[in-house]
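Since the structure comes first, as structure tokens, the remarks are kept for the end.
The values are calculated or read from the model by the stated rules, or taken from the named source; none is laboratory data. Model, not experiment: these values are computed from the prediction. Quick reminder, even Gly has a Cβ in these numbers, built from the backbone with ideal geometry, and neighbours come from all protein chains shown. Each accessible area value is taken on the protein alone, full model and side chains, heavy atoms only, with ligands, DNA and RNA left out. Shrake-Rupley method; radii C 1.70, N 1.55, O 1.52, S 1.80 Å.
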Amino acid sequence: MGKFSQLIQDVIRLCAKYLPMYLSGMKNTVLLALIGTVLGCIIGFICGVLNAIPYDTNAPLGRRVLIRTLRAVIRGYVEVFRGTPMVLQAVFIYYALPYFTDGAARFSSVWAASILVVSINTGAYMTESVRGGIISVDPGQVEGAMAIGLTHIQAMMYVILPQAVRNILPQIGNNYIINLKDTSVMFMISFTDFFAVHRGVVGATYSYFPSAVIEMIGYLTMTLISSFLLRKVEQRMEGSSSFELVVSDPLTLTSGVYRHPVSEELFKERSRDYKGKD
Amino acid sequence: MEMEPILEVRHLSKTFGTNPVLKDINFNICRGDVISVIGPSGSGKSTLLRCINLLETPTSGTILFRGKDITGLGNEVFAYRAKVGMVFQSFNLFDNLSVIDNCTLGQIRVLHRSREEAQEYARQILSLVGMAPYCNAKPRQLSGGQKQRVAIARAMALDPEVILFDEPTSALDPELVGEVLDVMRELAEQGMTMAVVTHEMAFARQVSSRVVFMDEGVIMEEGDPEELFTDPRNERTREFLGRYLNQ
């Protein structure tokens, strides 16, 4: 038990001295993950939707070449950024600019570089998620949209994407939580996130383990709060969970089914002045 | 009553891979026609409707809509599809939209009607099919018969010149078939031009002005329903209708 009470004391001691640094690290981590995920989603949606443009073998050659090229470019982007570690991407992008310009141009802030890396990385994953979300929408929905004369873009906007978003919402949350943790590699380009604070603190105090405990608790707190909030959002998007049939209205039972005993006319509600319930 | 045809199908063929599904189909749809297309499964009935609506691209042949070939249309295809309504076997209502939004989407986006105008018109049409009280319901809350009536309303809301029905009652349980057929019967009485792929022989016989019998991608026989159902000329038609003829 002695070790545990010592640990608690160490943690309290560290907190007393470095709490503002830890907190500002957490703030940076949350901000970077949030901005990166939002921008990544935008990239993912754009790429995913472009990827879903139907390839029509009867279309003019120029259009077919364009679609093929577009798909190849997106494919390449996804494979490269999904297939390399984010820590390497960070270093790669951060040092590419000064290398090519002989030091004349460099990222003015690590924030810009970090946001760029996280967004591009998340975008690669989201592209695939969006593609999956679009594929998982019943093809009949597209046919229904085509049949009333909607264009591909209109069908996407009003029918397919709203349904796809619901399918990929858990994936967006997943990416956000992954980003909360994985932004810890941004210390490589001297971004001061939560994990970078740990490195700073242990550099000064050598209390590796107590600081790691604080980090563990801090990261868990951030991810648990995030999952809780994401679940709330999902529930809201889902709407009423009721799959009950609307059978309470007596008109359905009679409309067009039974005939009037005297006039032999079909029952129906012809009230043209019906204004709905809203 | 000879009238100018709305749709003329000329030498239409459709091949999936090496499998010919439609072979040299010729037929017309005139204003006020109610055409029932009957035939065994896999005979190409549905593909014929889907070709007319350009959901499938015909392999060869022409389809004239009011005298104009629609098989080579570019961006006009969207306006054309709005003039030719389609009702599917599996309803294909937009699951993310309420009943009334299902009926206004095309009016607003394709016909460019104002939202108020579209909603007003959608309510009128929905009350024709007995679905006005469900304006704000989502499709998943409706029974199959109700969904199909909304789907019919969605097609009608665009004021199409002809509505194509692709086995509209095949996915419904027997108790719900009646309410959909009643709506269709009423449409027919009001003079709506319709082409119906169906297995409901009673409907084909009583409601339609003309019956087309298809088998193996070919129109085997076409004619007056009473004649075709009582005294089919073609041997294959006789065989197919055997069960009904004996009744």
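Tabulated results
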| item | result |
| --- | --- |
| Using distinct alpha-carbon pairs, which all enter the 1/r mean, Kirkwood radius of the protein assembly as shown in Å | 27.5 Å |
| From phi via Karplus (6.51, -1.76, 1.60), per-residue ³J(HN,Hα) for the range B:5-12 in Hz, x at Gly/Pro | x, 7, 10, 10, 9, 10, 6, 6 |
| Gaussian network model of chain B, Cα within-10 Å springs - most flexible of B:GLN141, B:GLN107, B:GLN119 | B:GLN141 |
| Exposure ranking of A:MET1, B:MET201 by accessible area [1.4 Å probe, largest first] | A:MET1, B:MET201 |
| Segment A:LEU19-A:SER108, length gained on full extension (0.36 nm per residue, minus Cα span) | 29.2 nm |
| Per-residue [θ]222 nm for chain B (sum of -39500 (n - 2.57) over DSSP H runs n ≥ 4, rounded to 500) | -11000 deg cm²/dmol |
| Buried on assembly, the range B:107-133 (at least 50 Å² less accessible surface than by itself, 1.4 Å probe) | B:ARG109, B:ARG123, B:SER127, B:PRO133 |
| Accessible area of A:VAL87 in the full protein assembly, 1.4 Å probe (Å², nearest 10) | 50 Å² |
| Backbone HN-Hα couplings from phi across the range B:160-177 [Karplus 6.51/-1.76/1.60, Hz, Gly and Pro as x] | x, 7, 8, 10, 9, 10, 9, 6, x, 10, 5, 9, 9, 6, x, 5, 9, 4 |
| Accessible area (Å², 1.4 Å probe, nearest 10) - B:LEU73 | 40 Å² |
| Loop sites in the range B:181-210: GluC sites (Glu not before Pro), DSSP, at most 11 other Cβ within 10 Å | none |
| Translational diffusion of chain B, µm² s⁻¹ [Kirkwood Rh, Cα pairs; Stokes-Einstein; 20 °C; 1.002 mPa s] | 115 µm²/s |
| Computed E for B:HIS199/A:ALA72 - FRET, C-beta separation, R0 56 angstrom, nearest 0.05 | 0.75 |
| Mean Cα-pair separation over length for chain A, i.e. relative contact order, pairs under 8 Å, 6 or more apart, % | 25 percent |
| All-pairs Cα distance distribution in the range A:2-243, expressed in whole percent, bin size 5 Å | 1, 6, 11, 13, 14, 13, 11, 9, 8, 5, 3, 2, 1, 1, 0, 0 |
| Carbon + sulfur, % of accessible area of the protein assembly as shown - ligands and nucleic acids excluded, 1.4 Å | 60 percent |
| Under DSSP loop assignment and at most 16 Cβ neighbours within 10 Å, longest trypsin sites (Lys or Arg not before Pro)-free interval of chain A | A:107-269 |
| Whole-Å distance, taken between Cα centres, linking the range A:57-89 and the range B:31-86 | 35 Å |
| Accessible surface, 1.4 Å probe, highest first, among residues A:PHE195, B:PHE27 | A:PHE195, B:PHE27 |
| Å² of accessible area per residue within chain B, as computed with a 1.4 Å probe and no ligands counted | 39 Å² |
| Amide proton proximity set for B:VAL21, modelled H, under 5 Å, gap of 5+ | B:LYS14, B:THR15, B:PHE16 |
| Share, in percent, of DSSP beta bridges within the protein assembly as shown that are antiparallel, nearest 5 | 55 percent |
| Sparse-neighbour loop sites [trypsin sites (Lys or Arg not before Pro); the range B:152-247; at most 15 other C-beta within 10 Å; DSSP] | B:ARG233 |
| Heavy-atom accessible surface that A and B bury in contact, both chains counted, 1.4 Å, Å² to 100 | 3700 Å² |
| Nitroxide proxy distance, nm - points 7 Å out along Cα→Cβ at A:LYS3 and B:THR62 | 9.0 nm |
| The range A:52-82: chymotrypsin sites (Phe, Trp or Tyr not before Pro) in DSSP loop, at most 15 other beta carbons within 10 Å | A:TYR55 |
| Listed residues B:ILE108, B:VAL150, B:THR59: farthest to the positive end of the dipole of chain B (Cβ charges) | B:ILE108 |
| Largest to smallest accessible area among A:ASP10, B:ASP159, A:ASP193, A:ASP102 [probe 1.4 Å] | A:ASP102, B:ASP159, A:ASP10, A:ASP193 |
| Relative contact order computed over the range A:88-205 (Cα-Cα under 8 Å; 6+ residues apart), in percent | 28 percent |
| In order through the range A:42-57: 3J(HN,Hα) via Karplus (6.51 cos²θ - 1.76 cosθ + 1.60), integer Hz, x for Gly, Pro | 4, 4, x, 5, 4, 5, x, 6, 4, 5, 8, 4, x, 8, 9, 5 |
| Under-5 Å amide H pairs with B:GLU222, H placed in peptide plane, nonlocal only | B:PHE213 |
